[in-house]
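Notes for the one structure printed next.
The values are calculated or read from the model by the stated rules, or taken from the named source; none is laboratory data. Bear in mind the structure is a predicted one, so any value in this text is a computation, not a measurement. Glycine gets a Cβ as well: all are built from the backbone with ideal geometry, and neighbour counts include every protein chain shown.
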């Protein structure tokens with residue numbers, strides 16, 4: 001196999017293991033769509049470098065090395081140095097669970113979070129993702145950071161609940177409404193009973209570099225929407241890059 005094809009296949013295998021947990025080579029071949037002999041060769045290589053580990057039941061899982069890599073990846077995101085304190089303050093002021101997410105490969109990837117004081121909202125945590133058609137983080141990034149038409153053309157949208165938006169026309173309409181409001185509204189479209197609000201993070205003149213969102217019980221999110229959006233915008237302003245002086249790197253204001 002050509003080297004680039006090997007890397008693509010390895011990425012597909014890692015992605016399948018990250019989403020479904022431990023799998024047998026046959027299950028991996030079925031999920032990824034590559035021949036079983038190729039799966040065995042890929043797993044031998046991934047095991048050799050410590051990215052995966054074989055289990056006694058013939059299954060393979062991701063290794064703990066990924067935790068080490070994830071810590072280093074997050075530490076290297078210097079634009080979010082102050083994110084944890086900003087999210088902690090946001091939770092203190094609202095009581096809801098707060099998330100910071102970025103756009104990657106047509107998904108919203110959570111890079112930081114702070115648990116709220118009420119019900120646990122655990123669908124999105126650091127390292128986990130949501131598609132751009134669902135959730136406040138995803139729909140914020142779709143409206144303010146993504147190429148909408150390219151996303152609609154290249155993806156098949158997953159439905160989580162009866163409220164999830166999957167059709168092209170309804171997603172285009174949601175993008176327009178989100179841009180007009182300046183924030184996204186997720187009303188039980190990922191988890192029944194849970195609502196969320198999201199705002200973009202970044203300069204008003206460029207695409208969003210991230211999304212800041214709050215999630216909690218749907219009635220609470222509806223009743224206090226204006227207050228929560230104000231708090232989100234205040235927090236997003238602290239995270240947004242400030243203009244850099246000559247010779248300096250742009251930094252956040254947090």
Residue that is on the phi < 0 side of the Ramachandran plot, crowded, with 17+ Cβ neighbours inside 10 Å, touching a strand residue (DSSP E or B) at 6+ places or on another chain (Cβ under 7 Å) and modelled with pLDDT of 90 or more, where the choices are 98, 29: 98
Testing residue 163 on (1) under 18 Å from residue 103 (Cβ atoms); (2) assigned to a loop (DSSP other than H, G, I, E, B); (3) touching a strand residue (DSSP E or B) at 6+ places or on another chain (Cβ under 8 Å), one condition comes back false. Which one is that? (1)
Out of everything in region 133-160 that is out of contact with any strand residue (DSSP E or B) (no Cβ under 8 Å at 6 or more places or on another chain) and under 25 Å from residue 219 (Cβ atoms), what residue ends up being modelled with the highest pLDDT? 133
Tell me, which residue of region 101-115 that is more than 8 Å from the chain's Cα centre (by Cα) and within 15 Å of residue 84 (Cα to Cα) is surrounded by the fewest Cβ atoms within 10 Å (Cβ to Cβ)? 115
Checked 127, 198 against criteria (assigned to a loop (DSSP other than H, G, I, E, B), touching a strand residue (DSSP E or B) at 6+ places or on another chain (Cβ under 9 Å) and in the same structural domain as residue 105 (by TED's automatic domain parsing)); the one match is 127
